[in-house]
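Visitor: Structure in structure tokens, see below.
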Amino acid sequence: MVVHVYRAKFVREGFGVEVAEDGLKAVRMLAAVKPDVVVLDLMLPKLSGVDVLKFIRSSPALKDTPVIILSNAHMSSLAQQAATIGAERAF
């Protein structure tokens, strides 16, 4: 999975990294841990990245957390929706 490549790179650079394989796990993880930044894919199983972003922006503890969208989603409507909700940047 591509996520493991990015995880290894961030770890080599000295960052602590947690990985959620699907959107539901991401929401559960985010409810328990306040990260410094979230790198989010829009195309996740069980709960979309847009739904995860909505959760982040609606949570008082997480609403100011920077979110970077890193996705293979070629659906510009998803990327536009993420930007409207408050993603810092989309790639």
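The values are calculated or read from the model by the stated rules, or taken from the named source; none is laboratory data. What you are looking at is a predicted structure, and each value in this text was computed from that prediction instead of being measured. Cβ sites come from the backbone with ideal geometry, for glycine too, and all protein chains shown count toward neighbours. Note: accessible area is taken over every heavy atom of the protein model, side chains too, but ligands, DNA and RNA are not part of it. Shrake-Rupley method; radii C 1.70, N 1.55, O 1.52, S 1.80 Å.
Visitor: Can you give me the solvent accessible area of D41 with a 1.4 Å probe, rounded to the nearest 10 Å²?
Guide: Roughly 50 Å² of D41 is accessible to a 1.4 Å probe.
Visitor: Given R₀ = 22 Å, what would the calculated FRET efficiency be for M1 paired with V37, taking r from the Cβ atoms and rounding to 0.05?
Guide: With a Förster radius of 22 Å, E is 0.65.
Visitor: Here's a follow-up. Which cross-chain or sequence-distant (5 or more) residues have an amide H under 5 Å from the amide H of L47, H modelled 1.01 Å from N in plane?
Guide: G23, L24
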